[in-house]
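A.B. asks: Just dropping this structure here.
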Amino acid sequence: MSATLTPCGPMLQSLWDYVRSHHEGVLLSPYLPTFCAFLTHVAFCAPFLVLDLLAGVSRRVRSWRIPAGEPPPPPLLAWWKCLWKVAVQYLTVVLPATAVLQMAKSPAKLPERSPSNWQLFVDVVACFLLFDALFFFWHLCMHRFTWLYRNIHRQHHQHRVPFALQAQDASPAELLSLLLLAQLSARLANCHPLSAILFHVLNSWLAVEDHCGYDLPWALHRLLPFFGGAPHHHAHHRRHSVNFAPYFTHWDRLFGTYSRE
């Protein structure tokens, strides 16, 4: 989905020129994917920690909770333990592994032109469709093959009541696999680096929203009928045998694993 021959929007081109001139070394760093994945995840989780704390005193916030059949864990304790585990796994496993993979690639230079507004949109949509498909089949395999579930995926299902930070509370192997699937999606779409950055940021947000445990009035699944959202993924954490796709619902419908619970 390369945008090198597509006319650029002046605002995007100005933004891209600034990024290239001031932060090109950062964007080409082998450590960037891991640090961005962790920091954006924590930043996007912060509003949901506030919601979890407010739920103890606000009936309106509690009304947004998705019924789970059991009370949610104490917010501060659960969040701190989860944050510590995720940080250690990123530092000890994910960061070294992704850095080695990034350095193994041939040196690259950032393109001079930015994508057009339309090309940016097409690139990001293509990345999400590819990631959704790759994640669905990988996720399905992790549930259908006992060895994969016990050794890779079981840690992610230790929480029966999901909360936002738990989106990345997984084994190091699973964390690494999800980062690689996201990077592979951007490569298969052959999208502009700016499009890839936007995809990774939005992907992090949607993963957090999927696990937040709230059916919020402004959530994306209320606007897009083919989007699953938090209720869709909440049902997966309760039943383990439905709703394997992370965002869209078409793969689950095709394979008979869709549930509207």
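A.B. asks: Taking Asn151, is it surrounded by fewer than 18 Cβ atoms within 10 Å (Cβ to Cβ) and at positive phi?
C.D. replies: Considered against the rule, which asks whether it is surrounded by fewer than 18 Cβ atoms within 10 Å (Cβ to Cβ) and at positive phi, Asn151 comes out as no.
A.B. asks: Looking at the stretch 195-215, is at least one residue touching a strand residue (DSSP E or B) at 6+ places or on another chain (Cβ under 7 Å), buried (at least 20 other Cβ atoms within 10 Å of the Cβ) and not aliphatic (A, V, I, L, M)?
C.D. replies: For the stretch 195-215, residues touching a strand residue (DSSP E or B) at 6+ places or on another chain (Cβ under 7 Å), buried (at least 20 other Cβ atoms within 10 Å of the Cβ) and not aliphatic (A, V, I, L, M): present.
A.B. asks: Pairs please, first residue from the stretch 120-134 and touching a residue at least 60 places away in the same chain (Cβ under 8 Å), second anywhere and hydroxyl-bearing (Ser, Thr, Tyr), Cβ atoms under 6 Å, 6+ apart in sequence or on different chains.
C.D. replies: Once the first residue is touching a residue at least 60 places away in the same chain (Cβ under 8 Å) and sits in the stretch 120-134, its partners that are hydroxyl-bearing (Ser, Thr, Tyr) give Leu120/Ser195; Asp123/Ser195; Val124/Ser195; Cys127/Ser185; Phe131/Ser185; Asp132/Tyr247.
A.B. asks: Among the residues of the stretch 248-259, are any buried (at least 23 other Cβ atoms within 10 Å of the Cβ), at pLDDT 90 or above and not polar (S, T, N, Q)?
C.D. replies: no
A.B. asks: If Trp218 satisfies all but one of (1) at pLDDT 95 or above; (2) of a type in the set (Phe, Trp, Tyr); (3) not in a helix (DSSP H, G or I), what's the number of the condition it fails?
C.D. replies: Going through (1) at pLDDT 95 or above; (2) of a type in the set (Phe, Trp, Tyr); (3) not in a helix (DSSP H, G or I) one by one, Trp218 breaks only (1).
A.B. asks: If Ala230 meets every condition in (1) crowded, with 21+ Cβ neighbours inside 10 Å; (2) assigned to a loop (DSSP other than H, G, I, E, B); (3) modelled with pLDDT under 95 apart from one, which number is that one?
C.D. replies: With respect to (1) crowded, with 21+ Cβ neighbours inside 10 Å; (2) assigned to a loop (DSSP other than H, G, I, E, B); (3) modelled with pLDDT under 95, Ala230 is out only on (2).
A.B. asks: Residue by residue through the stretch 167-213, note down the ones that are in a loop (DSSP other than H, G, I, E, B), touching a Cys at 6+ places or on another chain (Cβ under 9 Å) and within 12 Å of Leu130 (Cβ to Cβ).
C.D. replies: Within the stretch 167-213, Ala189, Cys191 qualify.
The values are calculated or read from the model by the stated rules, or taken from the named source; none is laboratory data. These numbers come from a predicted model, not from an experiment. Heads up, the Cβs are rebuilt from the backbone with ideal geometry, glycines too, and the neighbour counts pull from every protein chain shown.
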